[in-house]
Every structure is written in C-alpha cells, then in structure tokens.
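Rule-based calculations on the coordinates, nothing more; no lab input. What you see is a predicted model, and the numbers here were worked out from it, not measured in a lab. Here the Cβ is made from the backbone with ideal geometry for all residues, glycine too, and neighbour counts use every protein chain on show.
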Amino acid sequence: MIWRRFLLTGLIFFNIFLLYNLIWSDNGIFAYLELKARHQQLKERLETINDHSLDLSQEIRWLKTDRAFTEKMARSQMNYLKGNEILYQFPKDTPAPAQQEGQRADGQ
C-alpha cells in the first residue's frame, strides 16, 4: 500500500513537471504562440516583397521594350525636357503669410 502512495506521488510530481514544461519552458505554448505570430508577420512581409519584385520586373521589361515608357520615366524622374518645353518648379511647402500683431485677418 505504501508503494502505491509513492508511485502516485511520483506520478503527480511528474505530471506537474510536464505541465510546467508544456506551458513555460523555451519550447512551451507561449513560445509556440510567439513563433506563430512571427511566422505570420514574415509570410506577410514575403508576400509584399514578392509583389514589389513582380512590379519591378514588369517595369524592367517595359523599360527594355517600350520606348514611350522609357521616355515617360526619364521625363518624370529626371526632369528631362523636349526641345521646346520649359520646366517650372514650385516649392513643395509654401509658408503662410505672417499676420502683423494687432491686425485682424480681414484687414481691419
């Protein structure tokens, strides 16, 4: 009878040890959930990068074969002009006119 108690006590401690390892160890459930979330993030990033790669491949093909596309890209990115064109460049952020102290916005 006493050996049954020792066996039962040993099995209970063994189950507690296994439960602890299942939940809080380096290979436990929390680590698994963290790795699963990281895996999902990497899959989404890979999908985004693959889409960008396909876009760049298509653009390379167009640059190699389509003369009109090549001209359009050169004109838009490098500000190339045709012989009879004038390029006007405006500042991107225009500062608001400063109001004088004591003067209202309607000028009075």
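Taking the Cβ of residue 62 as the centre, find all other residues whose Cβ is under 14 Å away and add up their charges (Lys, Arg: +1; Asp, Glu: -1). Every neighbour counted, the sum reads 0.
Sum up the charges of everything whose Cβ sits under 14 Å from the Cβ of residue 52, counting Lys and Arg as +1 and Asp and Glu as -1, but leave residue 52 out.
On the way: positive: 45; negative: 44, 47, 51, 55, 59.
Counting the neighbours of residue 52, the net charge comes to -4.
Per residue of the chain, what 222 nm ellipticity follows from adding -39500 (n - 2.57) for every DSSP H run with n ≥ 4, rounded to the nearest 500? After summing the helix terms and dividing by the residues of the chain, the value is -23500 deg cm²/dmol.
Classify the chain as rounded, prolate or oblate, taking a ≥ b ≥ c as the square roots of the eigenvalues of its Cα gyration tensor: rounded when a/c is under 1.5, otherwise prolate if a/b is larger than b/c and oblate if not. In terms of gyration-tensor shape, oblate.
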